[in-house]
1. Could you list, in sequence order, all residues of segment A:45-64 that are touching a strand residue (DSSP E or B) at 6+ places or on another chain (Cβ under 8 Å) and away from every other protein chain (no Cβ under 14 Å)?
2. Can you go through B:Y54, B:Y99 and tell me which one is surrounded by 14 or more Cβ atoms within 10 Å (Cβ to Cβ), facing chain A (nearest Cβ under 9 Å) and under 11 Å from the mean Cα position of the chain (by Cα)?
3. Please go through segment B:30-46 and give me each residue that is within 12 Å of chain A (Cβ to nearest Cβ) and either of a type in the set (F, W, Y) or without any contact (Cβ under 8 Å) to a residue 24 or more places away in the chain (or both), ordered by number.
4. Kindly indicate whether A:K67 is in contact (Cβ under 8 Å) with a residue 12 or more places away in the chain and within 14 Å of chain B (Cβ to nearest Cβ).
Amino acid sequence: EVQLQQSGAELGKPGTSVKLSCKVSGYNIRNTYMHWVNQRPGKGLEWIGRIDPANGNTIYAEKFKSKATLTADTSSNTAYMQLSQLKSDDTAIYFCAMEGYNPYYFDYWGQGVMVTVSS
Amino acid sequence: DIVMTQGALPNPVPSGESASITCQSSKSLLHSNGKTYLNWYLQRPGQSPQLLIYWMSTRASGVSDRFSGSGSGTDFTLKISSVEAEDVGVYYCQQFLEYPRTFGGGTKLELK
């Protein structure tokens, strides 16, 4: 069974950074792309970017290019997203999602992690 | 970027009735391979999204046949026949043709 286990809730002060993790079990992340999606309180889903763990290649949505940094550790089968220069509107739930065997949709999702930015 | 626009539902929907959710893309999602790269997800309250439909009309594994997807290159419909309590949540369309992988704004389904 494929599972994506995300790290716990984060509370960050404005101007600081947080690093979120997404550990995958049951599937080798070298064989897929890992994506990150956010959801601000009461709002819809917003795609942030994706990483190819096999080579580290990344693609970001324009608005997140200076906000998010995606990395992956294939030895631990874990994807990471660092959010820098936190502001109050970075407060959101962040999901990792994986394409799986068929690379045309998000087949598997993490449980989501709440990031709260507050002084 | 491809903009995805979803319509609203006349909530609440009576249990057992059908419901249709619309989604429109700013660019055709029809690929040269003949497949249309439009996905539907359901996010139940307090849960992560789950895949319902991919390639516009192919149901994901384990998804009830009460869900069906249809459309053209730019206009899409998700139909839910005989709405049940477990269908309550927010439905999102997503295009998978280009980066960024954009979502629609979501359509909320409430049950009467």
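Coordinate-derived values only; no laboratory data. Bear in mind that the values here come from a model prediction, so they are computed numbers and not experimental data. Don't worry about glycine lacking a Cβ; one is built from the backbone with ideal geometry, like all the others, and counts go over all protein chains shown.
1. Initially, segment A:45-64 is screened for residues touching a strand residue (DSSP E or B) at 6+ places or on another chain (Cβ under 8 Å), giving A:45-53, A:56-61, A:64.
Hits for segment A:45-64 are A:P53, A:G56.
2. Working: B:Y99 fails: under 11 Å from the mean Cα position of the chain (by Cα).
That would be B:Y54, the only listed residue that is surrounded by 14 or more Cβ atoms within 10 Å (Cβ to Cβ), facing chain A (nearest Cβ under 9 Å) and under 11 Å from the mean Cα position of the chain (by Cα).
3. B:N33, B:K35, B:Y37, B:W40, B:Y41, B:G46, listed by residue number.
4. Numbers: in contact (Cβ under 8 Å) with a residue 12 or more places away in the chain: yes; within 14 Å of chain B (Cβ to nearest Cβ): yes.
The answer is yes for A:K67.
Residue-by-condition table, conditions (1) buried (at least 17 other Cβ atoms within 10 Å of the Cβ); (2) among the polar types (S, T, N, Q); (3) away from every other protein chain (no Cβ under 14 Å); (4) not in a loop (DSSP other than H, G, I, E, B):
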residue: A:P14; (1), (2), (3), (4): no, no, yes, no
residue: A:R30; (1), (2), (3), (4): no, no, yes, yes
residue: A:W36; (1), (2), (3), (4): yes, no, no, yes
residue: A:T71; (1), (2), (3), (4): no, yes, yes, yes
residue: A:M81; (1), (2), (3), (4): yes, no, yes, yes
residue: A:D89; (1), (2), (3), (4): no, no, yes, yes
residue: A:I93; (1), (2), (3), (4): yes, no, no, yes
residue: A:T116; (1), (2), (3), (4): no, yes, yes, yes
